[in-house]
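Trainee: Sending over a structure as structure tokens; questions will come in a sec.
The numbers here are math on the coordinates, done by the rules we state, and not lab data. Note that the structure is a prediction, hence the values are computed from the model and not measured. A quick note on method: Cβ atoms are made from the backbone with ideal geometry, for glycine too, and the neighbour counts reach across all protein chains shown.
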Amino acid sequence: MYKFIVLVLSLFLASCSSIAKFEPENINGDIDNLLDLSHPIENINSSSALLENSSYIYKDNISKEAIKNNYNFVCKNDGYKIITKFQSSIVVSDEEMILDKKRAISCAIKDDLLAVLFDDNSFYLKDLSLNKILFKDSQNEAKTIYNNTASPIIDDSFIIFPSLNGKIILVDRTSYNSNIIDVDFNDFSNISLLKKIDNNVLIATNNSITLIAPNYQDSIKIKNNFTRLIKDKLYVLAQDGHIYIYDKNLKKLADKKFPFATLMGFVHKNENIFILEENGFLIKTNLLLQEKKIFNISFDKEDKIYFGDSKIYFPTSYFVAK
């Protein structure tokens, strides 16, 4: 019996050691010009990264002011800022105001309206100028909450809330009537992307991409690690090493595969995107995926990594796309 267990363990270890990894044939150099962060990253979410001194990175800029200790930044606009921690969310403007005794996951602010999603999968629309809740609802609590949950959309005629269980909630801005749309084939994943292009809405979870157009709805089942819009095109990093480009109607425009690669996320600058691969590579390709250069870059794949617009932030340093 002992010999059998040893044999099985040996075979298991041998199979693990032989798992294929992304191994580029040509390397174009090393990324050795990372810039130092003033303070290490403590926490990240879909829209920002919090530093240990309580300043935060938002839209590729490091805030000059710090927020309250033990709080995380969630969103800001119109002179309002939302910060949160476990069992507490606060609105910061001229003075602080308690928002709720829950942790805010994502939010959007426009025209003094706040649309916010909480960690218990509840959400509401609030008029901050009147301190009045206009709409409130909830979904079943999610088993897992990821740090890439999308922000709500506040449009002229409707509000769209993402949920933590693969649904979106469409709310009429006049009547506050709501409709629930399942966009994740009952896989109950967090909504990781929620964007409006013209009259179309694109939604992504870790398992699927969905289009909601005025007269129809379409979906693609695709396991992915990262999605982002660039110039009204949707770029998807699939878990099988593919990168796909779709237009606003979910028509595939291009794709390219990097065999055995685990593509973690990307940033872009001008006509190029820079994709981080977990085995220590940075892939530079143009927006049409027609050219590529691959560089060595040193990082730990278990680290907290925040993808800004044109900068990749590691725990103590960051890369600037050029």
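Trainee: With r as the distance between the Cβ atoms of L287 and K110 and R0 = 22 Å, compute the FRET efficiency 1/(1 + (r/R0)^6) and round to 0.05.
Mentor: Taking R0 as 22 Å, the efficiency between K110 and L287 is 0.15.
Trainee: If you look at just the Cα atoms of the chain, how large are its Rg and its Dmax in Å?
Mentor: Here Rg and the maximum Cα pair distance are 21.2, 74 Å.
Trainee: By how many degrees, between 0 and 90 and to the nearest 10, does the Cα long axis of helix 2-17 differ from the longest principal axis of the chain?
Mentor: Relative to the chain, helix 2-17 is tipped by roughly 70 degrees.
Trainee: Of F314, N215, L194, which is farthest on the positive side of the dipole of the chain, counting Cα position, with +1 on Lys and Arg Cβ, -1 on Asp and Glu Cβ, and the Cα centre as origin?
Mentor: Toward the positive end, the furthest listed residue is N215.
Trainee: Shifting gears a bit: Connecting C-alpha atoms closer than 10 Å in a GNM of the chain, tell me which of N70, N207, N121 has the biggest fluctuation.
Mentor: N70
Trainee: Got the relative contact order for the chain handy, in percent, Cα pairs under 8 Å and 6 or more residues apart?
Mentor: 13 percent
Trainee: Now, a different point. So, by mean Cβ neighbours within 10 angstrom, what's the order for 49-58, 141-150, 86-95, 172-181 with the highest one leading?
Mentor: 49-58, 141-150, 86-95, 172-181
Trainee: Next question, about the same structure. What FRET efficiency would be calculated for the residue pair N296, D182, taking the C-beta separation as r and a Förster radius of 45 Å, to the nearest 0.05?
Mentor: 0.60
Trainee: Using the basic label-point model (7 angstrom from Cα toward the beta carbon), what is the N77 to H39 distance in nanometres?
Mentor: 2.7 nm
Trainee: While we're on this one: Hey, what do the phi angles of the range 250-267 turn into as Karplus ³J(HN,Hα) couplings, whole Hz, using 6.51/-1.76/1.60 and θ = phi - 60°, x for Gly and Pro?
Mentor: Running phi through 6.51 cos²θ - 1.76 cosθ + 1.60 with θ = phi - 60° gives 6, 8, 6, 9, 6, 7, 8, 10, 10, x, 6, 7, 10, 8, 8, x, 8, 10 Hz.
Trainee: Could you list the residues of the range 294-322 with an amide nitrogen less than 18 Å from a label point located 7 Å from the Cα of N28 in the Cα-to-C-beta direction?
Mentor: It comes to 294-298, 310-312, 319-322, nothing else.
Trainee: Per DSSP H run of at least 4 residues, take -39500 (n - 2.57); add these up for the chain, divide by its residues and hand me the 222 nm value, nearest 500 deg cm²/dmol.
Mentor: -1500 deg cm²/dmol
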